[in-house]
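Here's the structure we're looking at; comments come further down.
The values are calculated or read from the model by the stated rules, or taken from the named source; none is laboratory data. Just so we're clear, the structure is a prediction, and the values are computed from it rather than from any experiment. Counting neighbours? That spans all protein chains shown, and the Cβs are built from the backbone with ideal geometry, glycine included.
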Amino acid sequence: MNQKLNKMTNTRYGKMLYNQNDYFIGKSLEEYGEWAQAELEFLTPYIPVGGIIMDVGAYIGTHTLYFADAVGPNGIVIAIEPQQVMFQLLCANVALNNFLNVRAFNLAVDETAGLVQINEVDYRHSNNFGAVAVNRFEGYPVEARSLDDIAMPSLDLIKIDVEGLEPEVINGAAQAIRMHEPFVYMEYNPHDQSQDLVQLMQSMDYDVYQHISSAYNPRNFKKCNEDCFNGYTESNIFCVPKSKGLMIDLPLMPE
């Protein structure tokens, strides 16, 4: 008999399946019934009803479900996840919550179409599966496409969490970004090549703001009072087209 891996829990976003060996996002869903809620609440004013959102690195769908509800039945969420096992959970969670406005793709995102590698992991053992990275050298092959290869009539927001490949995603979305001028929200790690990422967005005529969010939300869905993440925070950047003329109440990254 196969080892039982997946559990279901009630969350802020609806019923969700998650891998019980996931000690990060899975643990957050189990303890709090939510993940990265501070990010989602921050992004809410920038999500139009009827809009189109791309969730790049959708994992099992916490952001996807929130976005799908926010844009409403006439909007579209394009959810992209390279891990086959987590893609299956993503699709299950979309189906469990009866969303018909999600288009899910089992793909990696790169500058151009082709094949990349994804790190091998054993989903039967404890790990942070949301941090599994795509690379070019080892692992198992997965199809890659650029965001410019995915046709869309408009685009309001791109959320990106791809473990260090953010510049490649942006370079492969240059045409869509120029055409649609979406807001862009993505992981920012100042210890890696993130300053290059900031400069890349600035070169595309965007203002870039830093957004820090806590993994623990004291107003969490399950009303848990214990911070099991010990104060851990997520560091992201929020990129706003200068053409929109908006001033955001966040620290502005220097040019």
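Looking across segment 90-130 at every residue that is in a helix (DSSP H, G or I) and either surrounded by fewer than 14 Cβ atoms within 10 Å (Cβ to Cβ) or of a type in the set (Val, Ile, Thr) (or both), the one that is nearest to the chain's Cα centre (by Cα) is identified as 94.
Note on segment 142-157: among residues that are within 25 Å of residue 119 (Cα to Cα) and part of a loop (DSSP other than H, G, I, E, B), the one that is modelled with the highest pLDDT is 146. Pairs are defined by a Cβ separation below 6 Å, a sequence spacing of at least 6 or placement on different chains, a first member in segment 64-87 that is of a type outside the set (A, V, I, L, M), and a second member that is in a strand (DSSP E or B) and surrounded by fewer than 21 Cβ atoms within 10 Å (Cβ to Cβ); the pairs so defined are 82/118; 82/142. If the condition is being out of contact with any Ser or Thr (no Cβ under 7 Å at 6 or more places or on another chain) and either crowded, with 16+ Cβ neighbours inside 10 Å or part of a strand (DSSP E or B) (or both), then segment 72-84 contributes 75, 76, 78, 80, 81, 82, 83. Quick one: is residue 60 touching a Phe, Trp or Tyr at 6+ places or on another chain (Cβ under 8 Å), touching a residue at least 12 places away in the same chain (Cβ under 8 Å), part of a loop (DSSP other than H, G, I, E, B) and among the aliphatic types (A, V, I, L, M)? For residue 60, the condition - touching a Phe, Trp or Tyr at 6+ places or on another chain (Cβ under 8 Å), touching a residue at least 12 places away in the same chain (Cβ under 8 Å), part of a loop (DSSP other than H, G, I, E, B) and among the aliphatic types (A, V, I, L, M) - is met.
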